[in-house]
Amino acid sequence: MSEVIHAGHHDDHDHGPAKGLTRWLFTTNHKDIGTLYLWFSFAMLLVGGLLALVIRTELFQPGLQFIQPEFFNQMTTNHGLIMVFGAIMPAFVGLANWLIPMQVGAPDMALPRMNNLSFWILPFAFGMMISTLFMEGGGPNFGWTFYAPLSTTYAPPSVTYFIFAVHLMGASSIMGSINIIATILNMRAPGMTLMKMPMFVWTWLITAYLLIAVMPVLAGAVTMMLFDIHFDTSFFNAAGGGDPVMFQHIFWFFGHPEVYIMILPAFGIVSHIIPTFARKQLFGYDSMVYAVASIAFLSFIVWAHHMFTVGMPLAGQLFFMYSTMLIAVPTGVKVFNWIATMWRGSMTFETPMLFAIAFVVLFTMGGFSGLMLAITPADYQYHDTYFVVAHFHYVLVPGALFSIIAAVYFWFPKWTGKMYDETLGKIHFWLSFIGVNVTFFPQHFSGLAGMPRRIPDYALQFADFNMISSVGAFIFGFSQLFFLYVIIKSIRSGTPAEGRSWEGVKGLEWTLPSPAPYHSFTYPPEVTEADAR
Amino acid sequence: MTNADTRSKGISATVKRLCLMVVGMGLFVVALVPLYDLLCEITGLNGKTGGQYTFDEAQADPDTSRLIKVNFITNTNAGMVWDFWSQKSSVRVHPGQIKTVNFYVKNPTNRPMVGQAIPSVMPSSAASFFHKTECFCFNQQLLQPGEVLEMPMRFIVGHEVPQNVQSINLSYALFDVTERVDLSEAVAAN
């Protein structure tokens, strides 16, 4: 009986990808969908980066040179929304699609058709959102946090498009997360126990739970906005008995887990790359898992540290201050574990390793400025200044984005069967590393000196720092175009890669040939201790 | 049963659980709104004061050992063109003492308008002890063109107000709600 079934399946599955555009439209293959996600997020990175360069061009000198404040607000808002929901999150989902089935020894994701849907609604969501920039009245201009009543009473008419775009992004994220959890919990090869799973799989499992918990909250917040705007309710309207501060509570109840959604998979990636190039096992695997779980739990009880200045009772301020600082403990555990992994390792510094080490150093700096912001009395000074901008860009750009770039270089040979050009990769790293620091480091100083965020013009004393920042932004922006060049050149003319592309690299995906075959692990692999993680 | 069968059963069980979680979190957001209001009412968070307070004036029992300064702040929200002011900028009261202060609004436009005042008390630890037996903020005000309205506000600061509270700020923000209400109904109500 089972032979008959196998034969039937054989006909269905053992062929390569379909030809032409329909391959990408109708694909249910986790590798194809991963590729789609990655290219989509790269396109969004360039769009969001373009908006950032418009911002930095305007801020190059004090005064209004190029754009009007109304348009500037649309640039900051859409830059934030596109980078968060369009670049970072889909990139991680793309990596999850490519890697999780191979890393747990599964043939594909658990729900391949839903996988196709969760990708294909994203271009529509972002098409809808970006189209508002060309509408009468302009696009969203209320900041990526879309605080009511800016986003309700005072919003441009196009806000409804924004609301539906957010709904679509949320639906996509929820479906993606359900798929990832279902895959990890049900599709692991025999012998792959939970505590043998690769760190990337672990971090994504926890991230997916966070997404499922908070995406409905975001959907609820935008739905209430929709009702306030069109159906005369007063959720956030004080005149009708509502409370705009409630919006901030609901938003940040979503928003704080959201920022960990954007960093936990990065922790997983770095936990693969550092052991590989230090040629040692990851130090403290168990503590890494527990640290990620603790960070995820704590993310739900710290949200009000984003809103210390709204007028909160002292007890509330103290609670949110201490709970926020508590997050430094598990995060510190992770940073020390990465350092201990490198300690006395036989380190080499290929491009992924360079990005991973830069991640550890610069993410830690972003973490420290976060600790400074957590101190309630000091936060009254820092709130809504460029210090906050510097803080979250340090954790998101050399944090999340560097980890994604590191992952692309690290798994590039497995995906394409080609080795990237090491020299060009290193040039890309150094350009990015210098660019990111020149851009964001001076913002700490302008912020501490009192420069508010989200302003198109500023006082003269901030001129030098802003000029440096703008120069850095252009270096960083154009080095990502160089990244595109490196990738395309390596796909076309890279040297062939071995199956186990890095010396002694661990993990089931490296037992496959490079490039990974279109269908892998149709039969569950034998999980040996050496290959698990 | 083959391996594939158990696997697909496991997947559908996981998916069901996760869908329940999504629905549960959706319900949680809906519940957050009344929960937030309840929490604010209990703790005085955000300076929200309660509704109309009933108090027998014969029972008034001022605590003459303490004197609390109550400051009045009147604001009009963006786009609200009425003039809005209070008779006094501040008064000193004993806890338990009943006091009346007059507020005034004027509609300088040439059309009837409806206003709604929203109170907020700072510090929030005093909010739940600041009781109003009569306040214009309990209703909306309909003003004909050029009309001036005197609005008494009677309040009492409860005995239980924390010892460290020496002054209380009561702020009113006046909103234009003309477009939110049916004018003819408002006329009838007045």
Inset, instruction - For the range B:17-130, please list each of the strands (runs of 3 or more DSSP E) lying entirely inside it that holds at least 2 residues being within 14 Å of another protein chain (Cβ to nearest Cβ) and buried (at least 19 other Cβ atoms within 10 Å of the Cβ). - result: B:113-122
Inset, instruction - Would you check if A:ALA125 is modelled with pLDDT under 95 and out of contact with any Asp or Glu (no Cβ under 8 Å at 6 or more places or on another chain)? - result: no
Inset, instruction - May I ask you to verify whether B:LEU170 is assigned by TED's automatic domain parsing to the domain that holds B:PRO119 and in contact with a Gly (Cβ under 6 Å, 6 or more places away or on another chain)? - result: no
Inset, instruction - Consider only pairs whose beta carbons are under 8 Å apart and that are at least six residues apart or on different chains; among these, list those whose first residue lies in the range B:90-106 and is assigned by TED's automatic domain parsing to the domain that holds B:PHE175 and whose second residue is assigned to a strand (DSSP E or B) and acidic (Asp, Glu). - result: B:THR100/B:GLU134; B:ASN102/B:GLU150; B:PHE103/B:GLU150; B:TYR104/B:ASP83; B:TYR104/B:GLU150; B:VAL105/B:ASP83; B:LYS106/B:ASP83
Legend entry - B:GLU147 in the same structural domain as B:VAL81 (by TED's automatic domain parsing) and either modelled with pLDDT under 85 or crowded, with 21+ Cβ neighbours inside 10 Å (or both): no
Legend entry - Hits in the range A:315-347 - residues which are surrounded by fewer than 19 Cβ atoms within 10 Å (Cβ to Cβ) and in a loop (DSSP other than H, G, I, E, B): A:TRP343, A:ARG344, A:GLY345, A:SER346, A:MET347
Inset, instruction - Could you list all residues from the range A:1-47 that are among the acidic types (Asp, Glu) and modelled with pLDDT of 80 or more? - result: A:ASP32
Inset, instruction - Please work out which one of (1) surrounded by fewer than 19 Cβ atoms within 10 Å (Cβ to Cβ); (2) farther than 23 Å from A:ILE100 by Cα is the condition A:TRP303 fails and give its number. - result: (1)
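The values are calculated or read from the model by the stated rules, or taken from the named source; none is laboratory data. The structure displayed is predicted, hence computed values, not measured ones. A quick note on method: Cβ atoms are made from the backbone with ideal geometry, for glycine too, and the neighbour counts reach across all protein chains shown.
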